[in-house]
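Visitor: Here it is, the structure, as structure tokens.
Computed from the coordinates by the stated procedures, all read-outs in this text should not be read as laboratory data. The structure presented is a predicted model; accordingly, all values stated were derived computationally and were not measured. No Cβ is skipped: glycine too gets one built from the backbone with ideal geometry, and neighbour counts run over all protein chains shown.
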Amino acid sequence: MIVKKRKVPLAIRKIRALACRLPPNHPKIPLIMNDLKKREAGYKGECSIDFPLSFLEPKSYFIFHDLRLQDQSRFFQLDTLLISKKYALIIEVKNILVAIYFDPHFNQLIRTIEGKETAFPDSIIQVSRQES
């Protein structure tokens with residue numbers, strides 16, 4: 001059963017509202033639209049897990065989407081937390097449509113687009129941190 005439903009993130013709603021209110025020739029429009037595009041792609045990726053999760057027996061699983069938790073002094077966010085009687089599963093979704101490589105030496109995720117490499121924090125380390 002879905003305990004916490006997924007909603008369009010507040011940041012996306014704010015950026016959409018801002019984009020509608022700015023004049024089309026505003027110098028920050030390209031920057032704002034690029035940020036919106038990235039955030040919407042991430043949200044779309046998070047939503048993509050909903051279909052496979054819909055096949056789970058609702059009485060056997062608790063599903064929490066976009067869960068914000070706190071440890072001793074910090075807050076952190078989980079895309080989806082799936083809880084059953086036997087385990088808890090953290091699901092961290094990345095919406096990347098190109099080649100990626102997990103570099104264990106430098107603990108980063110490398111995305112390659114048209115020969116250009118971009119490094120991101122390693123998602124495996126992110127989930128390990130969330131687990132602890």
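Visitor: For the chain, what does -39500 (n - 2.57) per DSSP helix run (n ≥ 4), summed and divided by total residues, give at 222 nm, in deg cm²/dmol to the nearest 500?
Guide: Rounded to the nearest 500, the figure is -10000 deg cm²/dmol.
Visitor: Relative to the present Cα-Cα distance, how much length would full extension add between ARG68 and SER132 at 0.36 nm per residue of separation?
Guide: Stretched fully, the ARG68-SER132 segment lengthens by 21.6 nm.
Visitor: Just for the chain, what percent of DSSP beta bridges are antiparallel, to the closest 5?
Guide: Looking only at bridges with both residues in the chain, the antiparallel portion is about 90 percent.
Visitor: Give me the one-decimal nm value for the distance between modelled label points at CYS47 and LEU31, 7 Å along each residue's Cα-to-Cβ direction.
Guide: It is 2.8 nm.
Visitor: Please identify the DSSP H helices in the chain that span no less than 18 Å along the helix axis (Cα) and have a mean Kyte-Doolittle hydropathy of -1.0 or more.
Guide: 29-47
Visitor: Then there is this: Here is the link list: LYS28/LYS94; LYS4/LYS116; LYS7/LYS86. Which ones come out longer than 31 Å on Cα distance?
Guide: Flagged as over cut-off: LYS4/LYS116.
Visitor: Using the basic label-point model (7 angstrom from Cα toward the beta carbon), what is the ALA17 to VAL3 distance in nanometres?
Guide: For ALA17 paired with VAL3, the spin-label model returns 3.0 nm.
Visitor: Quick one: Cα centre-to-centre distance for segment 116-132 and segment 2-16, in angstrom?
Guide: 22
Visitor: Moving on to the next point. What is the distance, in nm, between label points placed 7 Å from the Cα along the Cα-to-Cβ direction at VAL98 and at LYS86?
Guide: Output for this residue pair reads 4.0 nm.
Visitor: Which whole-number percent gives the relative contact order of the chain, counting Cα pairs below 8 Å spaced six or more residues apart?
Guide: Averaging sequence separation for qualifying contacts and normalising by length gives 19 percent for the chain.
Visitor: Another question, then. Please say if the chain is rounded, prolate or oblate, where rounded means a/c under 1.5 for a ≥ b ≥ c the square roots of the C-alpha gyration tensor eigenvalues, and otherwise the choice is prolate for a/b larger than b/c and oblate otherwise?
Guide: oblate
Visitor: Once you have the Cα-Cα distance between ILE125 and PHE106, take 0.36 nm times their residue separation minus that, and quote the gain in nm to one decimal.
Guide: 5.7 nm
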